[in-house]
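Engineer: Have a look at this one before I ask anything.
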Amino acid sequence: MRGCIVTVALLLLLLLCLHQTPVECKERLIRQLSSRPSSATKPQEFKIGFKRVILSIVLGILTGLIGAILFALLIKIAVQYINQTPFLKGPVIFSPKISSKTLQSALANENQLLGSSSNGKYYKTVLDNGLTVAAKVLEPFDSGSPEMQSKSVKRRIQQELEVLASLRHRHLRSLRAYVRESDRFSLVYDYMPMGSLEDAMNGVRENHLELRWDVRLRIAVGVIKGLQYLHFTCVPQILHYNLKPTNVMYTDKSDIFSFGMILGVLLTGRYPTDSFFREAVSGGSLGQWLRHLQQAGEAHEALDKSILGEEVEEDEMLMAVRIAVVCLSDLPDDRPSSDELVTMLTQLHSF
């Protein structure tokens, strides 16, 4: 069949040659015959192509196997490196103003007690170079317990402390150093001579300090901006878990509930632990009392009398009461995010 086709093609070429000069006809025949692949080369080309396909498949499989082996080796090396990474002992310094020697010397001395909480005590410490810092000495732990002996637990604590030291925000205190002793941690922060919000509110209640509404609102905005940074800027997200007036110098919505309490304290001048709330008809908490007054249209009764002034400011305070009530909602999903709260509070007042 193939021979017939070739014969027909040659006859057609001869017919064309009848209309051409002998030289032109000869050249055309030579071109056609030279361009036609030889039937003998076909099987050879097929074999070469088949070998190339097989070679490509083999090379692909080998490359995949080598890649998988290298990846497994890298994982193994990384795990071994992590397991062999020692847990840092002694002072770990994050500030150029603090040296290991001066810090250890200062912590060993008798220092001024600033306050205490359920998980430790706060001390005012002066270093040899004159720098004043605040040291939070955590409650002793059982260093011999299996949990505290675990390398993974030690490593996790170290990683969390390093994350704290990396935080940079004007409304957050950065960790400047930490010291791990046999049974406790000491965390070193910048010293805040004005004290905490709790100290300030105590001064207001005792008539030693005046805290105007614009100052209180500025404090609330600063707190929520700090939370916004932790919740939305930090990757991964960081949750505070222990937000309360003492610390102002479970989920992010738990932080929002705590912020609602702080805003309530700023508005009312009363602490959540006040015996006043146990005697109130609305219930036994600051949140229930605020919600009751707001629903009754008597939110102005909740305001601290020492900050009542111009009518415009009172309108801002009443709006802030509504914000506090929403933050103190029983259902976490009903509470706004820190991002939304920054917008709400900054729109209340032009600073």
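Engineer: Mind checking whether some residue in the range 165-173 is in a helix (DSSP H, G or I), outside the structural domain of residue 302 (by TED's automatic domain parsing) and out of contact with any Gly (no Cβ under 6 Å at 6 or more places or on another chain)?
Structural biologist: There is at least one residue in the range 165-173 that is in a helix (DSSP H, G or I), outside the structural domain of residue 302 (by TED's automatic domain parsing) and out of contact with any Gly (no Cβ under 6 Å at 6 or more places or on another chain).
Engineer: Continuing with the same structure: Just to check your reading of the model, which residue among 322, 291 is crowded, with 21+ Cβ neighbours inside 10 Å and farther than 23 Å from residue 205 by Cβ?
Structural biologist: Among 322, 291, only 291 is crowded, with 21+ Cβ neighbours inside 10 Å and farther than 23 Å from residue 205 by Cβ.
Engineer: Quick one: count up the residues across the range 173-214 that are aliphatic (A, V, I, L, M) and surrounded by 19 or more Cβ atoms within 10 Å (Cβ to Cβ).
Structural biologist: Qualifying residue count for the region: 8.
Engineer: Looking at residue 269, is it within 30 Å of residue 106 (Cβ to Cβ) and at pLDDT 90 or above?
Structural biologist: no
The values are calculated or read from the model by the stated rules, or taken from the named source; none is laboratory data. Small disclaimer: the values here were computed from a predicted structure and weren't measured. Heads up, the Cβs are rebuilt from the backbone with ideal geometry, glycines too, and the neighbour counts pull from every protein chain shown.
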